[in-house]
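Structure first, commentary second.
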Amino acid sequence: MTWLFPRFLAGALAMAAGALLGYWSGGPIHAPLIGALLGGAVGVGVISLIDTVRGYRLIHWLSGSQEEAAPRDTGFWGEIGYRVERSIRNRERGTAQERLRLEQFLSAMEASPNGILLLDTNDQITWCNSVAADHFGLDPERDRMQPVTNLVRAPGFVAALQLPSTTEPLLVPDLRGRGTLSIVIRTYGEGLRLVLSQDVTQRERADAMRRDFVANVSHEIRSPLTVVSGFIETMDSLPLTEVERKRVLMLMGQQTQRMQTLVADLLTLAQLEGSPRPASDRWVPLAKLFGQSEADAAALSSGRHTLRFPGDCPAQLAGNEPELLSALTNLVNNAVRYTPEGGRVTVTWRLRDDGSGEVAVSDTGIGVDREHIPRLTERFYRVDGSRSRDTGGTGLGLSIVKHVVQRHGGELEVQSEVGKGSRFSLILPAARVRASTPRVTTPGEQRSAA
């Protein structure tokens with residue numbers, strides 16, 4: 001209130017000065033009282049004029065952007081200008097802080113791995129993050145304030161919007177047909193909606209694979225168990241000759257071996273998925289792997305195929321020897337199983353231009369249709385299930401190969417053509433390959449086994 005007393009004092013002094021001046025001026029005309037009144041009025045008028053000018057300056061500042069400082073007058077108008085300016089600056093700081101908090105909040109929602117869609121009371125889009133825009137095929141700027149049902153017409157989603165909120169996640173196809181979305185709708189505020197979306201394609205695929213895996217394992221184990229159980233009942237209830245008994249025991253042994261092989265492959269896969277990556281400082285001679293794999297292939301083939309393996313191979317691979325041997329043996333044994341009698345299985349090694357190494361297993365077997373190639377490494381996936389069981393396969397070999405090569409930082413390449421054979425290549429990175437000379441083994445350097 002420091003401005004109040006000076007204002008009254010200035011008014012009183014101006015009135016008094018005007019009255020004295022008017023009284024003095026009115027003396028010669030014998031009207032000093034009238035002169036005093038007129039002088040006092042003039043003094044008050046001057047003060048009012050000055051106030052008017054100061055008030056106009058303040059109003060002019062208020063009608064502008066208020067970016068500059070308020071007029072720095074003294075007294076009443078100076079106090080008003082100061083207080084108004086302080087109030088505006090405080091409000092601007094508060095607005096800036098709220099804007100910053102909002103931007104940080106929206107940035108946090110933008111960084112969310114889930115889709116976030118905000119709807120008003122008329123189900124119009126007020127905001128969405130980039131994930132939700134990708135899920136629903138929206139444009140975050142162009143589609144703002146558009147009714148969401150005009151843009152997202154999935155029947156399940158539209159039906160869910162008719163409810164106040166959803167208690168269970170709703171599964172709908174991706175609007176771009178690439179997978180499955182899990183959607184949850186929640187109400188907040190006064191009729192506002194929050195739509196949360198999550199891409200569950202991989203999870204649904206994993207669940208389906210897990211269900212298929214359990215079903216396939218159950219089927220693979222049940223089949224030999226049924227055979228063994230039937231033979232046991234036969235031996236228990238029927239008199240068998242020595243020849244029949246030996247044949248039944250042989251078949252029971254085959255089915256038992258099949259179950260043991262299946263369990264061993266399952267354990268191998270579990271170990272591959274749960275163990276750390278192989279060390280990169282343990283070097284395995286490639287010639288040793290070829291020698292062991294060739295011995296297994298020769299026993300499986302029993303002279304029915306031509307087998308060709310690299311001769312003197314000085315290269316070495318860094319990694320886990322049993323895993324690398326398992327991958328190579330699985331590829332070679334598959335080639336033998338699916339190559340008709342008289343066919344050829346060839347194993348080659350070469351150092352590629354980028355320093356990586358390639359172990360390739362080629363055959364002249366039945367081949368595979370192109371449509372099946374992407375799924376060959378899935379567990380229990382078979383192009384011809386009956387033929388796989390006839391050849392003794394478990395359906396896990398190529399899955400083991402894929403896991404082994406990926407754990408060693410490489411990849412598995414498959415080329416195949418029906419009726420002409422297949423080629424499976426293990427590509428290992430340069431960091432895991434050590435060779436004395438960068439050369440390709442030639443057919444002359446290979447030995448043949450028939």
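The values are calculated or read from the model by the stated rules, or taken from the named source; none is laboratory data. Computed from a prediction, not measured in an experiment: that's the story for all the values here. Counting neighbours? That spans all protein chains shown, and the Cβs are built from the backbone with ideal geometry, glycine included. Only protein heavy atoms, including side chains, enter the accessible area calculation; ligands, DNA and RNA are left aside. Shrake-Rupley method; radii C 1.70, N 1.55, O 1.52, S 1.80 Å.
Taking the stretch 328-347 as the region of interest, how many residues are part of a helix (DSSP H, G or I) and either open to solvent by 60 Å² or more (accessible area, probe 1.4 Å) or touching a residue at least 60 places away in the same chain (Cβ under 8 Å) (or both)?
Qualifying residue count, the stretch 328-347: 7.
Can you pull out the residues in the stretch 195-222 that are open to solvent by 70 Å² or more (accessible area, probe 1.4 Å), within 24 Å of MET109 (Cα to Cα) and assigned to a helix (DSSP H, G or I)?
Once the filter is applied, which keeps residues that are open to solvent by 70 Å² or more (accessible area, probe 1.4 Å), within 24 Å of MET109 (Cα to Cα) and assigned to a helix (DSSP H, G or I), the stretch 195-222 yields GLN202, ARG203.
Quick check: is even one residue across the stretch 299-312 on the phi > 0 side of the Ramachandran plot and hydroxyl-bearing (Ser, Thr, Tyr)?
Checking the stretch 299-312: at least one residue is on the phi > 0 side of the Ramachandran plot and hydroxyl-bearing (Ser, Thr, Tyr).
Looking for whichever is without any contact (Cβ under 8 Å) to a residue 24 or more places away in the chain, open to solvent by less than 80 Å² (accessible area, probe 1.4 Å) and not in a helix (DSSP H, G or I) here; the options are SER87, SER112. Which one fits?
SER112
Spot the failing condition for SER399; the list is (1) at pLDDT 85 or above; (2) among the hydroxyl-bearing types (Ser, Thr, Tyr); (3) surrounded by fewer than 20 Cβ atoms within 10 Å (Cβ to Cβ), and only one is missed.
(3)
Can we say GLN271 is without any contact (Cβ under 8 Å) to a residue 24 or more places away in the chain and closer than 27 Å to HIS403 by Cβ? I'd like the intermediate steps shown before the answer.
Details: without any contact (Cβ under 8 Å) to a residue 24 or more places away in the chain: yes; closer than 27 Å to HIS403 by Cβ: yes.
Against the criterion (without any contact (Cβ under 8 Å) to a residue 24 or more places away in the chain and closer than 27 Å to HIS403 by Cβ), GLN271 qualifies.
I'd like to know if the stretch 289-301 contains one or more residues that are farther than 30 Å from GLY419 by Cβ and open to solvent by 40 Å² or more (accessible area, probe 1.4 Å).
Yes: the stretch 289-301 contains one or more residues that are farther than 30 Å from GLY419 by Cβ and open to solvent by 40 Å² or more (accessible area, probe 1.4 Å).
Filter the stretch 97-131 for residues that are among the aliphatic types (A, V, I, L, M) and at pLDDT 85 or above; which is farthest from ILE50 (Cα to Cα)?
The extreme case among them is VAL131.
So for the stretch 303-316 (the condition being hydrophobic (A, V, I, L, M, F, W, C) and open to solvent by 30 Å² or more (accessible area, probe 1.4 Å)), does at least one residue qualify?
Scanning the stretch 303-316, I find no residue that is hydrophobic (A, V, I, L, M, F, W, C) and open to solvent by 30 Å² or more (accessible area, probe 1.4 Å), so the answer is no.
Taking the residues in the stretch 275-300 that are in a loop (DSSP other than H, G, I, E, B) and of a type in the set (S, T, N, Q) as candidates, determine which candidate is modelled with the lowest pLDDT.
Initial filter on the stretch 275-300 (in a loop (DSSP other than H, G, I, E, B)): 275-282.
Now restrict to residues that are of a type in the set (S, T, N, Q): 275, 280.
Working: SER275: 74, SER280: 81.
Going through the qualifying residues, I end up with SER275.
Assess whether THR268 counts as being part of a helix (DSSP H, G or I), closer than 30 Å to PHE213 by Cα and in contact with an Asp or Glu (Cβ under 6 Å, 6 or more places away or on another chain).
No, not satisfied.
Yes or no: the stretch 144-162 includes at least one residue that is part of a strand (DSSP E or B) and either open to solvent by less than 60 Å² (accessible area, probe 1.4 Å) or closer than 28 Å to PHE105 by Cα (or both).
yes
Identify all residues within the stretch 162-185 that are at pLDDT 75 or above and acidic (Asp, Glu); write none if there are none.
GLU168
Just checking, does the stretch 68-84 include any residue being open to solvent by less than 30 Å² (accessible area, probe 1.4 Å), more than 24 Å from the chain's Cα centre (by Cα) and modelled with pLDDT of 85 or more?
No, the stretch 68-84 contains no residue that is open to solvent by less than 30 Å² (accessible area, probe 1.4 Å), more than 24 Å from the chain's Cα centre (by Cα) and modelled with pLDDT of 85 or more.
So for the stretch 238-254 (the condition being open to solvent by less than 50 Å² (accessible area, probe 1.4 Å), closer than 30 Å to THR180 by Cα and not acidic (Asp, Glu)), does at least one residue qualify? Steps first, answer last, please.
Within the stretch 238-254, the first condition is being open to solvent by less than 50 Å² (accessible area, probe 1.4 Å), and the residues that meet it are 248, 251-253.
So of that shortlist, the ones also closer than 30 Å to THR180 by Cα come out as none.
No, because not a single residue in the stretch 238-254 is open to solvent by less than 50 Å² (accessible area, probe 1.4 Å), closer than 30 Å to THR180 by Cα and not acidic (Asp, Glu).
Out of all the residues in the stretch 352-367, which are touching a Gly at 6+ places or on another chain (Cβ under 6 Å) and open to solvent by 30 Å² or more (accessible area, probe 1.4 Å)?
THR364, the sole residue that qualifies.
Check whether at least one residue in the stretch 186-194 is surrounded by 15 or more Cβ atoms within 10 Å (Cβ to Cβ), touching a strand residue (DSSP E or B) at 6+ places or on another chain (Cβ under 8 Å) and modelled with pLDDT of 80 or more, and report yes or no.
yes
Determine, yes or no, whether THR377 is modelled with pLDDT under 90, hydroxyl-bearing (Ser, Thr, Tyr) and either more than 25 Å from SER302 (Cβ to Cβ) or open to solvent by less than 20 Å² (accessible area, probe 1.4 Å) (or both). Step through it out loud before you land on a result.
Numbers: modelled with pLDDT under 90: yes; hydroxyl-bearing (Ser, Thr, Tyr): yes; either more than 25 Å from SER302 (Cβ to Cβ) or open to solvent by less than 20 Å² (accessible area, probe 1.4 Å) (or both): yes.
Taking the combined requirement at face value, the residue satisfies it.
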